[in-house]
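Below: the structure, in structure tokens.
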Amino acid sequence: MTTAIQPTQTLFEARGQVSPLPRVHYVQHEFEVPVGVTRLGVTLRFHKEKRCQLFLSVFGPHGYRGTRMNPGAVGDIRLELTFGPGGASPGALAGEVESGTWHAQIDVESTEETADYLLTVEAGFGEVAAAPLPEPVVVNGRPGAGWYRGELHAHTHHSDGRASAGVLAGAARQYGLDFLALTDHFTHAGWGEIEGQAGPDLAVVRSLELTGHRGHANLHGLREWVSPFVDEPGGKWGINDVARAVREQGGLFGVNHAFSNSLGWRYHEFDWSLSDVFEIYHHLEGPSNAAQLTFWDGLLRAGHRITGVAGTDSHDPHTGRHRLGQVVTVIGAASLTPTGLLAGLLAGRAYVSLGPELRFEAEAGGVRAEMGGEVPLAPVRLQLELGRLAYPARVFVMKNGLYHTHLDLPASEQTVRLDFEDPAPVPGYYRVEVYARPPQSDFFGGREWQNTLLLSNPIYVRSEP
């Protein structure tokens, strides 16, 4: 039987102020938690009229316990995290409230105004019922090679999304996805919930969105939480350290929406050899997608074999441009499992689709290769199979990021097979782009981002025969 919790006791209270100058990235407050606390609540209150992005994170004696954010709100803002063995608030990790030194971190992502804040910590005492243990994950995907459609960028109410993990997974199934990566900002509080939604028809990947002050990145395939707090000037933990830590866990590091103005990528010290994937198509970014595609070509020409992926960045999986399934990353994987999907991504066996299906191979010097593979330096034959062309389309073959050739196709429900020849290859790569075509034929361009239907990953050409 559960004993009622006694009235709360205020353990700590601090007032402070943030302003545009001097620039402060993190504000730390330490507080002591005595023995016997069974519920802990940490609350940050402030008022904003313009852009004042403050996020609250809490750390216990043994490490990270959660983050709360509400970036789009104005007026009186209240960010709250509660912890206890009986459960936790969104963004927080349930569990025992350890006695000892805790600290609250105010992440000053950005501010255009001076704002006063109040931080309070309250404790509850008494017995509480332990939270029920989550059902063990029995099945997360299924064996069998195939080309699997899914989403690599989605949020729940554990960060700034509206949906629960159950609603997100239900939407993924409704819109025909095979896999889903949960990429909540900062926190991994939703991992257990999303894994509880997995099954033979839906594989789920433990991911996290690093939400830095100079850009965002997805950390895919984590076993354990990796600190995304990389913005302390002169600090010992930076963006390259995060990428290395992700790789040490067998995960993949990927830069998100690199040209999204103040949310774009500005970590100029980043070592691009540590990037595994890159968002070449972001469903909310509009014309920035053209810049992302061009920048990716620059990375490829520099010798970085980085896999291009899509991201819906869904915060409400049934609504508008956030709805799942409008753009997907299709991965050629040995199995529909987190391990199989990550291996397929790392190998470059993937393409971005807003509808069509693709098979893309090359043959040169007696060697055949699919996306992510390579052929020797010899006359090249490219072979494409395109299916589900709902619109008249223009198919481009790109050579080292530049135009090589194109072909116009009518809409068709049948699979179309195409061959292209290049008798004079150079070291580098080929990739394919497909765009919807207006009905009239005086269409001289064709690579307008708003007409994108498909973007392939490269097939590489070695520098030797």
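Since every read-out is calculated from the coordinates, none of them should be taken as a lab result. Values in this document were obtained by computation on a predicted structure and should not be read as measured data. Note that each Cβ is placed from the backbone with ideal geometry, even for glycine, and that neighbours are counted across all protein chains shown.
Quick check for me: using +1 on Lys/Arg Cβ and -1 on Asp/Glu Cβ, what's the dipole size of the chain about its Cα centre, in debye to the nearest 20?
Details: 37 positive and 52 negative charges, 127 e Å.
In total the dipole reaches around 620 debye.
Compute the acute angle (0 to 90°) between the alpha-carbon long axis of helix 165-174 and the principal axis of greatest extent of the alpha-carbon atoms of the chain; round to the nearest 10°. Its long axis makes an angle of about 20 degrees. Placing unit charges on each Cβ (+1 for Lys and Arg, -1 for Asp and Glu) gives the chain a dipole about its Cα centre, and among Leu210, Ala411, Thr329 the Cα reaching farthest toward its positive end belongs to Ala411. The packing ranking, built from the mean of other Cβ atoms within 10 Å per residue, places the peptides 184-192, 357-365, 412-420 in the order 184-192, 357-365, 412-420, highest first.
Less than 5 angstrom separates the built amide H of Thr111 from those of Gln53, all sequence-distant by 5 or more or on a different chain. Counting only DSSP H runs of at least 4 residues, each contributing -39500 (n - 2.57), and dividing by the residue count of the chain, the helix-based mean residue ellipticity at 222 nm comes to -3000 deg cm²/dmol. What angle do you read, to the nearest 10 degrees and between 0 and 90, between the alpha-carbon axis of helix 288-301 and the longest principal axis of the chain? Compared with the principal axis, the helix lies near 70 degrees. Note on region 142-353: with charges restricted to the Cβ of Lys and Arg (+1) and Asp and Glu (-1), its dipole about the Cα centre is near 440 debye.
Determine the gain in length on full extension of the stretch Arg223-Arg381; use 0.36 nm per residue of separation and subtract their C-alpha separation, reporting nm with one decimal.
Details: separation 158, 0.36 × 158 = 56.88 nm, distance 4.14 nm.
Length gained between Arg223 and Arg381: 52.7 nm.
When the charge dipole of region 9-125 is built from unit charges on Cβ atoms (+1 for Lys and Arg, -1 for Asp and Glu) and taken about the Cα centre, the candidate among Gly86, Pro20, Gln105 whose Cα reaches farthest toward its positive end is Pro20. Taken along the Cα-to-beta-carbon direction at a fixed 7 Å, the label points for Val139 and Ala411 span 3.7 nm. For region 378-387, backbone phi angles converted through the Karplus equation (6.51, -1.76, 1.60; θ = phi - 60°) give residue-by-residue couplings of 7, x, 10, 10, 9, 10, 10, 10, 10, x Hz, Gly and Pro being listed as x. Candidate cross-link partners of Lys48 among the aspartates and glutamates, defined by an alpha-carbon separation under 12 Å and a same-chain spacing of 8 or more, comprise Asp76, Glu112, Glu113, Asp116. Going 7 Å from the Cα of Leu118 along its beta-carbon direction, which residues of region 36-74 have the amide nitrogen within less than 17 Å of the resulting point? Once the point is set 7 Å along Cα→Cβ of Leu118, 41-48 turn out to lie under 17 Å by backbone N, inside region 36-74.
Other residues whose C-beta falls under 14 angstrom from the C-beta of Leu409 contribute a net charge of -2, scoring Lys and Arg +1 and Asp and Glu -1. With a simple spin-label model that places each label point 7 Å from the Cα along the Cα-to-Cβ direction, the separation between Ala390 and Tyr403 comes to 2.8 nm.
What is the local net charge at Ala290, summed over the other residues whose Cβ is closer than 12 Å to its Cβ (Lys, Arg +1; Asp, Glu -1)? Every neighbour counted, the sum reads -3. This model, with +1 at the C-beta of Lys and Arg and -1 at the C-beta of Asp and Glu, gives region 169-278 a dipole about its Cα centre of some 120 debye.
Of all DSSP-defined beta bridges confined to the chain, some 85% are antiparallel rather than parallel.
Based on the Kirkwood approach, the hydrodynamic radius assigned to region 327-431 is 14.8 Å, with every pair of different Cα atoms included. For His47, the residues whose modelled amide H falls within less than 5 Å of its own, excluding neighbours fewer than 5 places apart on the same chain, are Ile77, Asp116.
Which of His282, Ala302, Val246 sits farthest toward the positive end of the charge dipole of region 241-312, with +1 on the Cβ of Lys and Arg and -1 on the Cβ of Asp and Glu? Positive-end residue among those listed: Ala302. Each residue of region 322-335 was assigned a 3J(HN,Hα) from its phi angle through the Karplus expression (A = 6.51, B = -1.76, C = 1.60, θ = phi - 60°), giving 7, 4, 5, x, 6, 9, 9, 9, 9, 10, x, 10, 6, 7 Hz with x at Gly and Pro. Less than 5 angstrom separates the built amide H of Tyr26 from those of Val108, all sequence-distant by 5 or more or on a different chain.
Couplings 3J(HN,Hα) for region 260-266, derived from phi with the Karplus relation 6.51 cos²θ - 1.76 cosθ + 1.60 (θ = phi - 60°), are 8, 6, 5, 9, x, 7, 10 Hz, where x marks Gly and Pro.
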